[in-house]
Amino acid sequence: MELDVRQPLVLPPGESDKALLDELFAAEFGTAGVDVAPHEHRLHTDAFYVLDGEFTFFVAGEPTTLGAGAFALAPPGLVHNFVSSDARVLNLHAPGDRWKQTRIARREGRRGTPDEIDQHPPPPDGGLPRSESIVRLAGQGELLEDDDRRLWVLAARPELCVFLFDADPGYVGPSTHVHRQHVDAFYVLEGALAFELDGEPVDAPAGTWVAATPGCAHTFRNAREERVRFLNVHAPGLRFDEYLRRQAGGEDGRPFHESFDVYEMEVA
C-alpha cells in the first residue's frame, strides 16, 4: 500500500487554525462575542474541548454549561450551537474536508454555500435526539490506567477518537511508528512532550499542537520532571479506543498493531 506522506504539523501556542486537513479540521479560539445559530452538519462531527472559562453549548435546543476540561460532541444530524462566553476552546471537525472550505471561502471574501461547508439549518423533524450527543465533564470518560499514565476515552466514533492523557515524569510513549490511513494529533495541555517526527526532535510545551499525518514516522515521551497532560486525536477513528483497550489488556505483536493502522518502524 502506497503511503500518503505529508508533512507533520507543529503549531506554537496561541489562537489559530491548527489543522486544515481532509481528515481533520482543528482550531483554537475564544468564544467572547461569538454567537452561532442552531445548525446541523450532515457529513461530519463537530466537537469542543474547553481549555478555560465557561462554555455554553446547546444540544437539540437545550443548554449545557461546560467548564475547563469538559468535552462535547455533536455527531452528524444533531442540531447544536453556542453563544458568547468567556471560554477558550479547541474545536474539532472530522472529517475536515468540508469545514476547511469555510476558511477557503472566507479568504475569498464569501460565506460558502451550505452544501460546500456542510452547515445546514435545523431540519423540520428537529434532527437527532439530545441522547446522541457526547458530553464529558472534567474527569469523566472511560479510564484506562497503566503504571505511568492514565487515559480517558472522551469520544470513540468512526469520524474520530479523542483521548485525554495524564502521564508521569519519564513516561515513554510507543515505539516509532506510522499510520497509513489516519492523522494522529496532539494538543499539550500541561507540561511538555518531546516528539520525534520523521527523525527530527520537536519540543512541545503547553499549548503546542502537533499532527502526525499519514506516513509520518513519530513517537513521543515526557522528558521533563513534571507531569504532562495532553489531548490525543485520531481521525478517522479506526476503532483506536479498542486498540488502546486491548493493548492495556496485554495484546501485542505486529498483526495486532497493523490491524489498527499502527506500523512499527524497523530498527536498523
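Readers should treat all values here as calculations from the given coordinates under stated rules, not as data from a laboratory. As the structure is a prediction and not an experimental result, all values here were calculated from the model. A quick note on method: Cβ atoms are made from the backbone with ideal geometry, for glycine too, and the neighbour counts reach across all protein chains shown.
Indicate the gyration tensor shape class of segment 128-191 (rounded, prolate or oblate), computed on the Cα atoms with a ≥ b ≥ c the square roots of the eigenvalues: a/c under 1.5 is rounded; otherwise a/b larger than b/c is prolate and the rest oblate.
Judged from the Cα gyration tensor, segment 128-191 comes out oblate (a/c at least 1.5, b/c at or above a/b).
What does the charge add up to near Phe163, with Lys and Arg as +1, Asp and Glu as -1, over the other residues with Cβ less than 10 Å from its Cβ?
-2
List the extent of the Cα atoms of segment 33-100 along each of their three principal axes, largest first, rounded to whole Å.
Per principal axis, max minus min of the Cα coordinates gives 29, 22, 20 Å.
Could you work out the percent of alpha carbon pairs in segment 57-174 separated by over 24 Å, rounded to a whole number?
40
First measure r as the distance between the Cβ atoms of Glu132 and Arg106, then evaluate 1/(1 + (r/R0)^6) with R0 = 51 Å and state the FRET efficiency to the nearest 0.05.
0.95
Run lengths n ≥ 4 of DSSP H only: what is the helix-derived mean residue ellipticity at 222 nm for the chain, with -39500 (n - 2.57) per run over all residues, to the nearest 500?
Result for the chain, helices only: -2500 deg cm²/dmol.
Starting from the Cα gyration tensor of segment 146-233, take the square roots of the eigenvalues, sort them a ≥ b ≥ c, and report rounded, prolate or oblate (rounded when a/c is under 1.5, otherwise prolate if a/b is larger than b/c, else oblate).
Note, shape of segment 146-233 comes out oblate.
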